[in-house]
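Trainee: First the structure, then my questions, so here it is.
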Amino acid sequence: MHITIRKPLLLFALPMIISATSKGQNANPDNRMSQYKAEAGNTVFNKDLKQTAPVSGFPYVLITGVKFKDCDQGVLTEQELSNLYRLSDSVYANVTAHVKNIMAGTFTYQCERMEYYYLEDTAGIRERLITLFQKHFNTYEPNITIKDDKNWDAYLKFLYPNEETLEYTQNEKILMALEQQGDKPEKERRVDHWILFTTEKDMDCFIPYATDQHFKVAEKVKNRLRISRVDRITLPVISKITTELKKEAKKCNGVYDGWETAVIK
């Protein structure tokens, strides 16, 4: 079996179980896991906001949520997960009814789930949330933080991962898809990589680097270059390869467009 992974599919190649509410607040979410001390932290972020952030007219960030009581090593029980969905939907409904907002994402760590909203205005929002928590979720201790963030640092510097983290996460999803087909990533095999260029001159700029790294030029079709090399595709190995190819392609005005390989059992 031959698995083709192209860039438009990278972020959503697999279904994901994410900590989001049932209202679909985040139209195009992505999910990543990070390790913080002894436990895993989970971040869900709206990746489409990266194209427009900071959004004019939404200079305030609201960070709110609670610490859940019934969880084991950061994992919520089924009942607490139900409470999380109910609380999240309630917060979203209250915030949206009161002020124009953009939900940027969530961060969950040590049984505490924080939601990040960017607001047009802050008047009255704290009081509404205090009332909500006291009336419907009074067994939890709420956290409500509202502050100026016109540069959207909370989103750009905390929720949204850097390029290397994104590359690592995307490759991890691809490997999960391959392993579901019985692939053994530690086995060497031919791996093809695609790079897009605007001009032939830009493509010719990149090729010497590729050949110096022992890649073979497999195909040149208009503005697309396909190169290949025999490699293992364990996560550290393939992530290092794709990160370097992306960086070198950029030097020649190129865009790395993904990789493909066959399932090796």
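Here, each number is a calculation from the coordinates, and none is a lab measurement. Keep in mind that this is a model prediction, so the values were computed, not measured. For neighbour counting, all protein chains shown are included, and Cβ atoms are generated from backbone atoms with ideal geometry for every residue, glycine included.
Trainee: Of LYS187/LYS216; LYS100/LYS147; LYS201/LYS251; LYS201/LYS250, which ones are farther than 18 Å apart at the Cα? Walk me through the numbers before you get to the answer.
Mentor: Values: LYS187/LYS216 20 Å; LYS100/LYS147 16 Å; LYS201/LYS251 12 Å; LYS201/LYS250 14 Å.
The answer is LYS187/LYS216.
Trainee: Still on this model: With label points built 7 Å along Cα→Cβ from the Cα atoms of LYS216 and GLN180, find their separation and express it in nm.
Mentor: 3.1 nm
Trainee: Moving on. Remind me, relative contact order of segment 163-262 in percent, using alpha carbon pairs under 8 angstrom and six or more residues apart? List each step's numbers first, then the result.
Mentor: On the way: 142 pairs, mean separation 40.2, N = 100.
For segment 163-262, the relative contact order is 40 percent.
Trainee: Describe numerically, in nm with one decimal, the distance between label points set 7 Å from Cα along Cα→Cβ at THR199 and at ASN162.
Mentor: Modelled inter-label distance: 3.2 nm.
Trainee: Still on this structure, please answer the following. Please give me, ordered by residue number, the trypsin sites (Lys or Arg not before Pro) of segment 58-107 that lie in loop per DSSP and have at most 13 other Cβ atoms within 10 Å. Before the final figure, lay out the partial values.
Mentor: Details: sites: LYS67, LYS69, ARG86, LYS100; in loops: LYS69, LYS100.
Those that pass, being in a loop and sparsely packed, are LYS69, LYS100.
Trainee: Then there is this: Determine, for ILE144, ILE63, the number of other Cβ atoms within 10 Å of each Cβ, and report the residues in order from fewest to most. Don't jump to the answer; show the numbers that get you there.
Mentor: Numbers: ILE144 16, ILE63 19.
If I rank by nearby Cβ atoms, fewest first, I get ILE144, ILE63.
Trainee: Could the peptides 101-107, 43-49 be put in order, highest first, of the mean number of other beta-carbon atoms found within 10 Å of their residues? The partial results should precede the final answer.
Mentor: Details: 101-107: 23.9, 43-49: 20.7.
Result, highest mean Cβ count within 10 Å first: 101-107, 43-49.
Trainee: Sorting check: for 256-264, 215-223, 233-241, which peptide has the highest mean count of neighbouring beta carbons within 10 Å, and how do the rest follow?
Mentor: Numbers: 256-264: 19.2, 215-223: 13.4, 233-241: 17.2.
Final packing ranking: 256-264, 233-241, 215-223.
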